[in-house]
Amino acid sequence: MDMETEPLLDLTNFGPSLDIAGQTWHVGVFEGEAGPLQLCVITTGIGLANAASAAARAHLVFGENLCAYMCGGTTGGLGAQTSVRDVVVGTAFTYSRADATAFGYAPGQVPGMPEQYFADPALVEKARTALENELLLGDCSAADRPEGANQSADSNHLQGTGTVWFGQVASSDAFITAANVEQMRKTFPAALGADMETTAAAQVCARAGVPFISVRAVSDLCGPAANQDFHIDGEVAAAISAQAVRALVARL
């Protein structure tokens, strides 16, 4: 969405935008840790097909020069321990509505495809280093987090940020609500974030051999507890995500 793209446009000076099949592309140069990087920000539109088509076009346009592909913006907090303003760095990605279990496939697995897709390990480590340098380190006991999830603590530099989590993201073409959140948590106990795009982009990148990661901020909770704040303005969450993306891109 434009709301999610807008804060990313502060990363550098971009040239005139391009409209490609209804998606807006912004291209500029960013000074990374190892030197200047060509940076492209794409407003994909909502949904799995839009996300997949944008990732595929980026691969076709940039070819072997596409060193990394990232999804940013907002996400729903699916993990029971997540809160609004948290950042979820996706390390594994699955489809929460894909169900071929009757034929022996795992929940979330599309027939003929892997059970889940994974972020590039080098990008995950760069994200961990970048965000740990921006954050005060904290701790979360194993009993308080799903398997495979890791946590960093509250931010002094990423303004307004809560906790930074590393773990699974579940994507689908439907919102997760109070009516189905407990079933989703039972089926995908490691999932921290829920959105409508990321896994489709991860699948395209996995097939194309493009390093992938997602960095999103929680704007809404899928199943909030009675005493939890369950919503913040999407613009606030998008700005938090953009700050985290900047910290990561600066490490490339």
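Every number here is computed from the coordinates shown, using simple stated rules; none is lab data. As the structure is a prediction and not an experimental result, all values here were calculated from the model. As a convention, Cβ positions derive from the backbone with ideal geometry for all residues, glycine included, and neighbour counts pool all protein chains shown.
Based on the Kirkwood radius over alpha-carbon pairs, what is the Stokes-Einstein translational diffusion coefficient of the chain at 10 °C with 1.306 mPa s viscosity, in µm²/s?
Values: Rh = 18.1 Å.
D = 88 µm²/s.
If you stretched the chain out fully between C67 and E6, how much longer would it get, using 0.36 nm times the residue separation minus the C-alpha to C-alpha distance? The partial results should precede the final answer.
On the way: separation 61, 0.36 × 61 = 21.96 nm, distance 2.28 nm.
Gain on stretching C67 to E6: 19.7 nm.
What is the packing order of peptides 89-95, 61-67, taking the mean over residues of other C-beta atoms within 10 Å and listing the highest first? Don't skip to the end; give the middle numbers.
Values: 89-95: 26.0, 61-67: 12.1.
So the peptides 89-95, 61-67, ranked by packing, come out 89-95, 61-67.
How large are Rg and Dmax for the stretch 1-72 when only the alpha carbon atoms are used, in Å?
Final numbers for Rg and Dmax: 12.0, 34 Å.
Within 10 Å of each residue's Cβ, count the other Cβ atoms and sort R251, R216, R85 from fewest upward.
Taking fewest neighbouring Cβ atoms as first place, the list is R251, R85, R216.
Between S17 and K186, what is the label-to-label distance in nm when each label sits 7 Å out along the Cα-to-Cβ direction?
Those two pseudo-labels are separated by 4.4 nm.
For a quick protection proxy, order the peptides 41-50, 166-175, 26-35 by their average other-Cβ count within 10 Å, most packed first.
Taking the mean over residues of other Cβ atoms within 10 Å, the ranking is 166-175, 41-50, 26-35.
Evaluate E = 1/(1 + (r/R0)^6) for C40 and A174, where r is the Cβ-Cβ distance and R0 equals 22 Å; express this FRET efficiency to the nearest 0.05.
It comes out at approximately 0.15.
Starting from the Cα-Cα distance between M113 and T129, subtract it from 0.36 nm times their residue separation and give me the gain in nm to one decimal.
Full extension of this stretch gives 2.7 nm more.
In deg cm²/dmol, rounded to 500, what helix-only [θ] at 222 nm does the chain give when every DSSP H run of at least 4 residues adds -39500 (n - 2.57) and the total is split over its residues?
One gets -8000 deg cm²/dmol as the mean residue ellipticity at 222 nm.
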